Protein chains: 2
Amino acid sequence: MAHNNFEERRAELLAALDPSRRNEFQRLVALLRPADLAAIAASVDEETRLRLIATLDEETAARVVEELDVEGQQELLSRLPEARAKAVLAEMSPDDLADLVGELPEAHRQRVLELLPPDDAQHVRHLLVYPERSAGGIMTPEFVSLRRTMTAQGAIEFLRTVAPEAETVYYLYVTDEARRLVGVVSLRQLITANSEQRIEDIMSRRVISVPAAMDQEEVARLFRKYDFLALPVVNDDNVLLGVVTVDDVMDVLSEEASEDIQLLGGAEPIEEPYFSASIGSLVRKRIGWLFVLFFAQSFTGTIMAAYEAELSAVIALAFFIPLLIDTAGNAGSQAASLVLRSMTLGQVRFADVTRVIGREFVVGAILGVGMAVLAFLRARAMGEPAQLGYTVASAIFVVIIVAATVGGALPLITKRLRLDPAVASGPVITTIADGLGLIIYFQLARLIMGI
Amino acid sequence: MAHNNFEERRAELLAALDPSRRNEFQRLVALLRPADLAAIAASVDEETRLRLIATLDEETAARVVEELDVEGQQELLSRLPEARAKAVLAEMSPDDLADLVGELPEAHRQRVLELLPPDDAQHVRHLLVYPERSAGGIMTPEFVSLRRTMTAQGAIEFLRTVAPEAETVYYLYVTDEARRLVGVVSLRQLITANSEQRIEDIMSRRVISVPAAMDQEEVARLFRKYDFLALPVVNDDNVLLGVVTVDDVMDVLSEEASEDIQLLGGAEPIEEPYFSASIGSLVRKRIGWLFVLFFAQSFTGTIMAAYEAELSAVIALAFFIPLLIDTAGNAGSQAASLVLRSMTLGQVRFADVTRVIGREFVVGAILGVGMAVLAFLRARAMGEPAQLGYTVASAIFVVIIVAATVGGALPLITKRLRLDPAVASGPVITTIADGLGLIIYFQLARLIMGI
């Protein structure tokens, strides 16, 4: 929907919230999708949001609540009358319910679980077992499975009765008596098959499944590689537990990219939209890293103080320090962000670390020669003596090689240490490059200029 | 497929490439998916790859070639015997063909188009009209459309005959006599409908379509918002031109995130996998930005030289320069990467620029107070006089506010100027923060220390 169109609809809908205009309200709701209604709900104040949700029918209300973030869901549900909250919860899908309940403090969980229909509560309890960012954590436990002895026609009849309930029916998984996964049929294969053919004769046995414990990034990688719309999740005995759908995976891709970008920028990722996050939350997400980096970087002062004699002798040495450490930081983050991204895409693994260092050494050396020439010319253009020019140039050369190799290796090493490689690829590599850069610079100054 | 499993299959398949083992080869191919075969093809030398593709049946060969990157496709097809290349091209899907042909130099295009079946050549010519990164550029022109007067049963019969050819049949678009889009039916609705119901009574008229010129990032945003599996692409007269499918959109999301991360790291994005890129290509992608930033950052030398008198008077002023410019850079890139990501997610637009600046000013001021206290303590701990401590602290305070507000506004402004905001959020903000930081620092030194 075009943006202007949306703004118009929003205004009309809010104007029709008045009880006397119920028919007009229903007409407008029918024109909007849950995501649009959720966007409208998120854009208004709390009172209006509450009235909006209270005026919608229960199923639409559930779809809209599902689109809100977990904080928004909690807020809203806690303020609805209990009967209404119960009705909306009953219409929500188990995976969204599990995300909601999972974020609640232990004490509140039981209360919410008691509001749910027994079946849903059971589903949610099962889902809560899996880590939030695993295949089990993002799967839906509501899926359609077929028996291999069904006919194509029989399967279609079966779908007619159950499909409106299931979240995904484009791939149909086939299970045996023990609910073990034995094959997959696409809805497309089903309708193009002969109506009397048995499922086991149509199904593909080459079905790829993932264990419930698999990390969500790994799951996303499989979706991208094989262009799946859904992937079945199994336990150690190959029993089908649930299905991960492509829309959840898009959220994963987007979430992980968001996190990487914010960590590269040197801040803890925020989960809410920018304008929904409070000033306090923005400050909290940033101050930690700012402090840590400040402490780490404050050693540059110690290093500089250690070379006070050299600095006093040739004050012009100081002029090139920002340029030197910036260039080192740039060379380091180029290598780190490239390797980070290649890791996310599954192209580079820890086993490749020596190959990465080798490549980055060569790339760094070539870049270093080019930049060293520039640095020399720059120093001479500022009217500095040739000896200072040689010092700056050779420091730039060495520092770029060091920064590129360390920058290339660091994301792989941090991942190996089970830390987040994005953190290492952002300000951490800059900090390391700064410290090493200063030491190399002053040591070379001593050597070349004899101070 | 587990990694070890894959390595094993790969070794078996390559061992079975010998003409005398054709049966074994066919058996192994049947166990693998095109994406696996493509991964194997990408991992071997050129001769083996050629033999592998030559040994596969034409349809499987086409699926494997589709999974390779465009460069790999060109290389391979140019070395296959013409008859074989023609047969493989005939099996490839039009959108992959268009990507392939689009990358060829003008002179070669005609030759490749002549190798294609006339229908495909026509499709490809149509697709080449659209920019590579638009809805038109990523859509497939092969889709199934229904007439509204068909019955559900009639539509299913129709699908039986055409579906195996079409890339996507989970959403069926309904068109009128002039091929204008009038509705959409999901395959699920179709099979759960009464067999005599007419399509126009089942279909949803609330169909969201996108213009062919829409940027692919915007298309991806709609997929994420509405959890679509496919979206129809129309021209100005609402005539249905093609369909964008969710697997293409996952590639878009991943590609855009890759680019953002590499640009944040201060390098032109590489498109090939890390180890496939030549050293020359790695150098070329990085040296441009390294040069540009070097020139921009070399003004820090000019600034420092302008304050030589102050530096000579209080050599300790230099000790805090790396710390000051690093902290400024950190505060700036925190704000910039957060705003960049919020823009990608569609949460923040140019119209919000003053609100962003307002928020960042407040956040910067709070962070600045905290960091200023630390900076003062750090200076005193190094044994510097209180006056130098006040200078460093107040410079840190001012610089963090400036960096946060400029960092927050810059991605919005660069986007407005139709430049890539990711570039501005990486090293550019650091460079700006450095220059401003130094000037603020020395001016405050003059003021506070009276030098």
(message) Tell me which of A:TYR170, B:ILE303, A:ILE202 sits at the most positive position along the dipole axis of the protein assembly as shown, charges placed on C-beta atoms (Lys, Arg +1; Asp, Glu -1).
(response) B:ILE303
(message) Helix-only mean residue ellipticity at 222 nm, chain A, DSSP H runs n ≥ 4 weighted -39,500 (n - 2.57), per residue, nearest 500. What is it?
(response) -21000 deg cm²/dmol
(request) Quick one: of A:LYS225/A:LYS285; A:LYS285/B:LYS415; B:LYS86/B:LYS225; B:LYS285/B:LYS415, which pairs are farther than 32 Å apart, Cα to Cα? (result) A:LYS225/A:LYS285; B:LYS86/B:LYS225
(message) Just to be sure I understand the curve: with the Debye formula and one point per C-alpha of segment B:145-245, what is log10 I(q)/I(0) at q = 0.12, 0.15, 0.16 Å⁻¹?
(response) -0.38, -0.59, -0.67
(message) Is there a quick way to get the dipole size of chain A? I mean about its Cα centre, with the Cβ of Lys and Arg at +1 and of Asp and Glu at -1; what is the value in debye to the nearest 20?
(response) 1640
(request) Apply the Karplus parameterisation 6.51 cos²θ - 1.76 cosθ + 1.60, with θ equal to phi minus 60°, to every residue of segment A:195-200 and state each ³J(HN,Hα) to the nearest whole Hz, in sequence, with x for glycine and proline. (result) 5, 8, 4, 8, 3, 5
(request) Describe numerically, in nm with one decimal, the distance between label points set 7 Å from Cα along Cα→Cβ at B:LEU104 and at B:ALA11. (result) 4.0
(request) Using amide H atoms built 1.01 Å from N in the peptide plane, name the residues 5+ places from A:THR140, or on other chains, whose amide H lies under 5 Å from its own. (result) A:VAL243, A:VAL244, A:THR245
(request) Report the FRET efficiency, 1/(1 + (r/R0)^6), for B:ARG21 and A:ALA365, where r is their Cβ-Cβ distance and R0 is 60 Å, rounded to 0.05. (result) 0.85
(message) For a quick check: with amide H placed at 1.01 Å from N, whose amide H comes under 5 Å from B:LEU146's, ignoring anything fewer than 5 positions away on the same chain?
(response) B:TYR173, B:VAL174, B:THR175
(message) How big is the dipole moment of the protein assembly as shown about its Cα centre under a simple scheme where the beta carbon of each Lys and Arg is +1, that of each Asp and Glu is -1, and everything else is neutral? Debye, nearest 20, please.
(response) 1700
(message) About the Cα centre, and with charges only on the beta carbon of Lys, Arg (+1) and Asp, Glu (-1), how big is the dipole of segment B:298-449? Nearest 20 debye, please.
(response) 540
(request) Report, for B:ASP236, each distance to the same residue's label point in the other copies, shortest first and in nm; define the point 7 Å along Cα→Cβ. (result) 6.5
(message) Could you tell me which residue out of A:SER276, B:LEU77, B:ALA230 lies farthest along the dipole of the protein assembly as shown toward its positive end? Charges go on the beta carbon: Lys and Arg +1, Asp and Glu -1, centred on the Cα centre.
(response) A:SER276
(request) DSSP loop (so not H, G, I, E, B), at most 12 other Cβ within 10 Å: list which trypsin sites (Lys or Arg not before Pro) in segment B:333-438 pass both filters. (result) B:ARG418
(request) Could you tell me which of B:SER258, B:GLY383, B:ALA39 has its Cα farthest along the dipole of chain B towards the positive end, charges placed at Cβ (Lys, Arg +1; Asp, Glu -1), taken about the Cα centre? (result) B:GLY383
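I'd like the antiparallel share, as a percent to the nearest 5, of DSSP beta bridges with both residues in chain B.
Of the beta bridges lying entirely in chain B, close to 75 percent run antiparallel.
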(request) Could you check the simple spin-label distance between B:GLU308 and B:GLU196, using points 7 Å along Cα→Cβ, in nm with one decimal? (result) 9.9
(request) Enter the angle in degrees (range 0 to 90, nearest 10) between the Cα long axis of helix A:106-115 and the first principal axis of the Cα atoms of chain A, meaning the one along which they spread out most. (result) 30
(message) Given Cα positions, please report Rg to Rh for chain A, the hydrodynamic radius being the Kirkwood one.
(response) 1.11
(request) Pop out the Kirkwood hydrodynamic radius of segment B:330-398 from its pairwise C-alpha distances, inverse of mean 1/r, in Å to one decimal. (result) 13.6
(message) Below 8 Å between Cα atoms, with a sequence gap of 6+, how large is the relative contact order for segment B:298-449 in percent?
(response) 38
(request) Compute the label-point distances linking A:GLY280 to its equivalents in the other copies; points lie 7 Å from Cα along Cα→Cβ; give nm, one decimal, shortest first. (result) 5.9
(request) Stick to Cα atoms and the Kirkwood definition of Rh, then tell me Rg/Rh for segment A:3-92. (result) 0.93
(message) Contact order normalised by length for chain A, with contacts defined as Cα pairs under 8 Å and 6 or more residues apart; what percent is it?
(response) 11
(request) Along Cα→Cβ, 7 Å out, is where each label goes; now give me the distance between the ones at A:ASP57 and A:SER278 in nm to one decimal. (result) 3.8
(request) Just need log10 I(q)/I(0) for the protein assembly as shown at q = 0.04, 0.07 Å⁻¹, Debye formula, equal scatterers on the alpha-carbon atoms, no solvent, rounded to two decimals. (result) -0.21, -0.65
(request) Report the paramagnetic label zone for A:ALA213: residues of segment A:328-357 whose backbone N is under 20 Å from a point 7 Å from Cα along the Cα-to-Cβ axis. (result) none
(message) Based on DSSP loop calls and a cut-off of at most 15 other Cβ atoms within 10 Å, the longest stretch of chain A free of exposed GluC sites (Glu not before Pro) is what?
(response) A:272-451
(message) So if I take the alpha carbon set of segment B:201-292, get Rg, then get Rh from the Kirkwood formula, what is the Rg over Rh ratio?
(response) 1.16
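Read-outs throughout are calculated quantities, based only on the coordinates presented, and are distinct from any laboratory measurement. For clarity, every value in this text was computed on a predicted model and none was experimentally measured. Ideal geometry is used to build each Cβ from the backbone, glycine not excepted, and the neighbour counts take in all protein chains shown.
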